[in-house]
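Undergrad: Here it is: the structure, laid out below.
The values are calculated or read from the model by the stated rules, or taken from the named source; none is laboratory data. Small disclaimer: the values here were computed from a predicted structure and weren't measured. As a convention, Cβ positions derive from the backbone with ideal geometry for all residues, glycine included, and neighbour counts pool all protein chains shown.
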Amino acid sequence: MKQAQQHRRSVMRAVVGLAMGALIPMGAAQAADKVKVGLMLPATGTYAALGSAITNGFKLYVEEQGGKLAGAEIEYAAVDDESDPSKATENANRLVVRDRVDALVGTVHSGVALAMARVAKSRDTLFIVPNAGADDLTGSLCSPNLFRTSFTNWQPAYAMGKAAIERGHKTAVTLTWNYAAGQEAVKGFNQAFTEGGGKVLKDLALPFPNVEFQSYLTEIAALKPDAVYVFFAGGGAAKFVRDYAGAGLKASVPLYSSGFLTDGTLEAMGGAGEGLITALHYADGLEVPRDKTFRTAYAAKFGTQPDVYAVQGYDAAQLLHAGLKAVGGDVKKKAEMRKAMREASIDSPRGAFTLSAAHNPVQDIYLRKAEGKVNKVTGIAAKALADPATGCKM
Ligand code: BEZ
């Protein structure tokens, strides 16, 4: 009863807030020397640590510039999206309509980001994606207002499939959470693996964010593949790797993944992740000068080493800065700002990258090996890999 009352009250508050927002002309309320950034990220649930790393990275870059980008003071509004697609439209509207942010930044979960893209497009609000890999964001839903500083789900998965073939594997089984990110990652892995002459014996999936892996591990053991490819991230990834080792599979069937499996999760795996090979656009031990300064600054401020999510957040702020520089901090000059963002070269800790015509990073995908607490770079799985951007008409 009490919960129902609270829910009614919060719905009323959101409705009143949205209605008030609708009465104020778009873009009218922010002073020209201020830019309001709406951070829509998970603060709870299996992706909570990822959301916090993105926030840290974004704010670190802004602080390094003295809290201003191109003379404009950066203000924040934040929403915990809970990685819940069913709440995504309402949460995005809170930031875009009620808070009238100049730039929407988020999120981790592909399903949530797809809903955010629709809200941002309907209001022509700048939308920067610092993680979610949904292929469609820079594919069929690509848009002049939408930019991504992370990856498509296809990119690291395709590179991992190629590397699995090069490592001599002929058969594979895949396992993932059953939503856009996992489905697209499996599709990318399977594409490269079958193009290279491999055979996928079975694709297995469980609902997000379930972590009851036992029956799937039993099935994998019965199928006896040469290799297993999975997409998991955050808290669920750590549990999966512990269970995979606990089931005795780690010693007999090599496990591969897009690097989200082991980024920011190795400590929680308690040694079960040791030696895992993954593919990702970031790694530990890169010979990139910008990475060294970034890591030193991040560790000094947050007392921990950054992961790929922190890098993507940092680069989202860099991309916003590139746009604001071109317009002297005047965020209302949308066309000029977006042109500069499209043409920017981002001096990223991962290595410098540019954006494709669909606004997605063209980037190297590294091969990494888990050693202790780090994912050590061992080579490049795919050089300057651009997503095919299927269906993008800009
Ligand atoms: C996604 O939903 O796109 C995603 C989530 C966590 C890590 C990587 C991708």
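Undergrad: Restricting to segment 229-254, name every residue that is of a type in the set (A, V, I, L, M) and surrounded by 23 or more Cβ atoms within 10 Å (Cβ to Cβ).
TA: V230, A233, A237, A238, V241
Undergrad: If you take just the helices (runs of 4 or more DSSP H) that sit entirely in segment 155-254, which of them hold at least 3 residues that are under 23 Å from D364 (Cβ atoms) and in the same structural domain as A272 (by TED's automatic domain parsing)?
TA: 180-195
Undergrad: For segment 104-125, which residues satisfy the criterion of being more than 16 Å from the ligand (Cβ to nearest atom) and either part of a helix (DSSP H, G or I) or closer than 23 Å to A181 by Cβ (or both)?
TA: Within segment 104-125, L104, R118, V119, A120, K121, S122, R123 qualify.
Undergrad: Another question, if that's okay. When segment 348-394 is examined, which residues are found to be under 24 Å from T265 (Cβ atoms) and part of a loop (DSSP other than H, G, I, E, B)?
TA: Of everything in segment 348-394, those that are under 24 Å from T265 (Cβ atoms) and part of a loop (DSSP other than H, G, I, E, B) turn out to be S348, P349, R350, G351, G372, K373.
Undergrad: Give me the pairs: first residue in segment 261-275 and closer than 10 Å to A237 by Cα and at pLDDT 95 or above, second residue crowded, with 24+ Cβ neighbours inside 10 Å and of a type in the set (K, R), beta-carbon distance under 9 Å, and six or more apart or on different chains, which are they?
TA: Going by the 9 Å Cβ cut-off, the qualifying pairs are T262/R368; D263/R368.
Undergrad: Out of segment 220-260, which residues are out of contact with any helix residue (DSSP H, G or I) (no Cβ under 9 Å at 6 or more places or on another chain), in contact (Cβ under 8 Å) with a residue 40 or more places away in the chain and more than 21 Å from S110 (Cβ to Cβ)?
TA: L223, P225
Undergrad: While we're looking at this one, here's another question. How many residues are at positive phi and either surrounded by 15 or more Cβ atoms within 10 Å (Cβ to Cβ) or within 16 Å of the ligand (Cβ to nearest atom) (or both) when one looks only at segment 176-201?
TA: Result for segment 176-201: 0.
Undergrad: Now for a different question. Restricting attention to segment 156-168, report how many residues are touching a helix residue (DSSP H, G or I) at 6+ places or on another chain (Cβ under 8 Å) and surrounded by fewer than 24 Cβ atoms within 10 Å (Cβ to Cβ).
TA: Residues in segment 156-168 being touching a helix residue (DSSP H, G or I) at 6+ places or on another chain (Cβ under 8 Å) and surrounded by fewer than 24 Cβ atoms within 10 Å (Cβ to Cβ): 2 in total.
Undergrad: In segment 299-319, what residues are within 18 Å of K376 (Cβ to Cβ) and over 14 Å from the mean Cα position of the chain (by Cα)?
TA: Answer for segment 299-319, where residues must be within 18 Å of K376 (Cβ to Cβ) and over 14 Å from the mean Cα position of the chain (by Cα): A299, T304, Q305, P306.
Undergrad: If you take the residues of segment 326-380 that are free of Cβ contacts under 8 Å to residues at least 24 places away in the same chain and of a type in the set (D, E), which of them is farthest from S257 (Cα to Cα)?
TA: Here the residue is E336.
Undergrad: On to the next question. Taking the options A88, A92, A115, A132, name whichever one is modelled with pLDDT of 95 or more, over 26 Å from L280 (Cβ atoms) and touching a helix residue (DSSP H, G or I) at 6+ places or on another chain (Cβ under 7 Å).
TA: A92
Undergrad: Let me ask another. Somewhere in segment 108-124, is a residue free of Cβ contacts under 8 Å to residues at least 24 places away in the same chain and assigned by TED's automatic domain parsing to the domain that holds D315?
TA: Yes, segment 108-124 contains at least one residue that is free of Cβ contacts under 8 Å to residues at least 24 places away in the same chain and assigned by TED's automatic domain parsing to the domain that holds D315.
Undergrad: Which ones in segment 47-61 are more than 12 Å from the ligand (Cβ to nearest atom), among the aliphatic types (A, V, I, L, M) and under 21 Å from E82 (Cβ atoms)?
TA: If the condition is that a residue be more than 12 Å from the ligand (Cβ to nearest atom), among the aliphatic types (A, V, I, L, M) and under 21 Å from E82 (Cβ atoms), then no residue fits.
Undergrad: Checking the structure you have, find out if any residue of segment 337-359 is closer than 25 Å to L255 by Cβ, in contact with a helix residue (DSSP H, G or I) (Cβ under 9 Å, 6 or more places away or on another chain) and in the same structural domain as N131 (by TED's automatic domain parsing).
TA: yes
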